[in-house]
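Nothing in this text is a laboratory measurement; each read-out follows from the coordinates by a stated rule. Keep in mind the model is a prediction, meaning the values are calculated, not measured. All Cβ positions, even for glycine, are placed from backbone atoms using ideal geometry, and neighbour counts span all protein chains on display.
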Amino acid sequence: MPIRRVVCIVLAAAVSLGAGRAARRAGAADPDGLVMTIARLQYDGGGDWYANPSSLPNLLDAIATRTSLKVERTEARITLMDDRLWDYPFIHVTGHGNIHFSDAEVARLREYLERGGFIHFSDNYGMDESFRREIKRVFPDRPLVDVPLTHPIYHIVYDFPRGLPKIHVHDGKPAEGLGIFLGDRLAVFYDYQCDLGNGWEDTTVYHDPPAKHEAALRMGVNLFVYAVTSRPVS
């Protein structure tokens, strides 16, 4: 069963989230008691897939305290060939270096996404070239496009009318939110020239202003809530 039994929890959460943004929602338990988390992807190629060790625990804590979604506050770590892949509705990928997928991993990632999964790539400054190369192998027939500012990913819990917050300077270019759509559903999201993952880190790591840390967390909450509530019901 793809992305196991997520539908029950996300329908309750979708109703709850519509009632009042940014506050904790009580009482929207899912009947199966399913607990979700974010899976960090371990990949080959030499890139540091393990970068930003405090980022996902901080984001998961924000999701747990600001929404009614039941989330485990410890990240999972998987490869694309792991049998547990189907358990996770949200996969996170980061690093500074090269990403490489085998042919089998390319096919597996495409299947995961076509079956309702969501993957977020966060360029930690250095993975842009390899990301674009590998995602083209996954979807040679689908372009990587700008995600419109009207898209729910910028508004589902917190409003980002101007799109992604700019967390770190990188090349000084504006932050870009790029994605691949399968029908109307955004299945791949790429933050470029933004560095959301760094923004989720403990504030003592980069000494970012509190406002930037908060903006990054809010955007991360949006990403996760969109991922689990946009999944096709089958």
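Observations on the model:
- Between ASP146, ASP128, ASP83, the Gaussian network model of the chain with springs among Cα atoms under 10 angstrom shows the greatest mean-square fluctuation at ASP83.
- Gain on full stretching of the segment that runs from ASP202 to ARG133 - 0.36 nm per residue minus C-alpha separation: 21.7 nm
- Here LYS212 is the anchor, and the lysines within straight C-alpha reach of less than 25 Å, apart from those fewer than 8 places off in the same chain, are LYS166, LYS173.
- Label-point gap, in nm, between GLU111 and ARG142 - each point 7 angstrom along Cα→Cβ: 1.7
- Over segment 6-229: Kirkwood hydrodynamic radius from C-alpha pairwise inverse distances, Å: 17.5
- Across segment 41-51, rounded Karplus estimates of 3J(HN,Hα) from the backbone phi angles (6.51 cos²θ - 1.76 cosθ + 1.60, θ = phi - 60°) give 8, 8, 10, 8, x, x, x, 8, 4, 8, 4 Hz, Gly and Pro being marked x.
- Lys/Arg +1, Asp/Glu -1 at C-beta; the chain dipole; positive extreme among TYR43, VAL225, ILE78: VAL225
- Residue among GLY197, GLY45, GLY179 with the largest mean-square fluctuation in a Gaussian network model of the chain, springs linking Cα atoms under 10 Å: GLY45
- At least 24 Å along the helix axis (C-alpha) and Kyte average at least -1.0, DSSP helices within the chain: 210-229
- DSSP bridge orientation in segment 6-229 - percent antiparallel, rounded to nearest 5: 40
- When +1 charges are put on Lys and Arg Cβ atoms and -1 charges on Asp and Glu Cβ atoms, the dipole computed for the chain relative to its Cα centre reaches about 700 debye.
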